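Scroll down for the structure; my scribbles are underneath it.
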Amino acid sequence: MEGEQKEKILIIEDDRFIAKMYQTKLGLDGYQVEVAENGSVGMEKIKSFSPDIVLLDIIMPEMDGFAVLEAIRDDQVINSTPVIVMSNLAQEDHLKRARALGAKDYIVKSQLTPADVVKKIKEILAK
């Protein structure tokens, strides 16, 4: 384990409680985790932190999750970064839009525990 690089996860989430909960759980599972409180800070951190995967909320101030997905897709340097969208909204049009913009998965926060989310992250990173 010594010298092994921890996989890096960026959480872009404006709800501090939810962000902290996932940051704690993922940290305990051995990931290196950073949090951005809105989309524009998230975009800066994607470039500086170079995460292996991004957990992205949709409804946020300044720059919503769809705008972040578009910006990631349009940036040649970061467009291969896998993104899991996390939302409280289980609307079919949001799911379709997120997928169309390149999201690897779409999670409705109320339907999954943090352990379930870790399982999804591991599945995506294993591909």
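Since every read-out is calculated from the coordinates, none of them should be taken as a lab result. Because the structure is predicted, anything quoted here is derived from the model rather than measured. Note that each Cβ is placed from the backbone with ideal geometry, even for glycine, and that neighbours are counted across all protein chains shown.
Out of all the residues in region 1-12, is one or more within 11 Å of the chain's Cα centre (by Cα) and over 19 Å from Lys119 (Cα atoms)?
no
Considering each of Ile121, Ile84 in turn, give the residue that is buried (at least 19 other Cβ atoms within 10 Å of the Cβ) and either in a strand (DSSP E or B) or acidic (Asp, Glu) (or both).
Details: Ile121 fails: either in a strand (DSSP E or B) or acidic (Asp, Glu) (or both).
Result of the check over Ile121, Ile84: Ile84.
When you check Phe17 against the structure, is it surrounded by fewer than 18 Cβ atoms within 10 Å (Cβ to Cβ) and either free of Cβ contacts under 8 Å to residues at least 40 places away in the same chain or of a type in the set (Ser, Thr, Tyr) (or both), yes or no? Break it down stepwise before answering.
Details: surrounded by fewer than 18 Cβ atoms within 10 Å (Cβ to Cβ): yes; either free of Cβ contacts under 8 Å to residues at least 40 places away in the same chain or of a type in the set (Ser, Thr, Tyr) (or both): yes.
So Phe17 passes the test.
Condition check: of a type in the set (S, T, N, Q) and either in contact with a Phe, Trp or Tyr (Cβ under 9 Å, 6 or more places away or on another chain) or touching a residue at least 24 places away in the same chain (Cβ under 8 Å) (or both). Does Asn79 satisfy that?
Numbers: of a type in the set (S, T, N, Q): yes; either in contact with a Phe, Trp or Tyr (Cβ under 9 Å, 6 or more places away or on another chain) or touching a residue at least 24 places away in the same chain (Cβ under 8 Å) (or both): no.
Judged against the criteria, Asn79 is not a match.
Condition check ((1) farther than 20 Å from Ile18 by Cα; (2) buried (at least 17 other Cβ atoms within 10 Å of the Cβ); (3) in contact with a Gly (Cβ under 6 Å, 6 or more places away or on another chain)) across all residues:
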{"position": "Gln32", "(1), (2), (3)": "no, no, no"}
{"position": "Ala36", "(1), (2), (3)": "no, yes, yes"}
{"position": "Met43", "(1), (2), (3)": "no, yes, no"}
{"position": "Ile46", "(1), (2), (3)": "no, yes, no"}
{"position": "Ile53", "(1), (2), (3)": "no, yes, no"}
{"position": "Val68", "(1), (2), (3)": "no, yes, yes"}
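Among the listed residues Glu7, Glu70, which satisfies the condition of being in contact (Cβ under 8 Å) with a residue 12 or more places away in the chain, farther than 17 Å from Ala103 by Cα and of a type in the set (Asp, Glu)?
Details: Glu70 fails: farther than 17 Å from Ala103 by Cα.
Every option except Glu7 fails the conditions.
Under 6 Å between Cβ atoms, at least 6 apart or on separate chains: pull out the pairs that start in region 103-118 with a residue that is assigned to a strand (DSSP E or B) and end on any residue that is small (Gly, Ala, Ser) and buried (at least 19 other Cβ atoms within 10 Å of the Cβ).
Tyr106/Ala98
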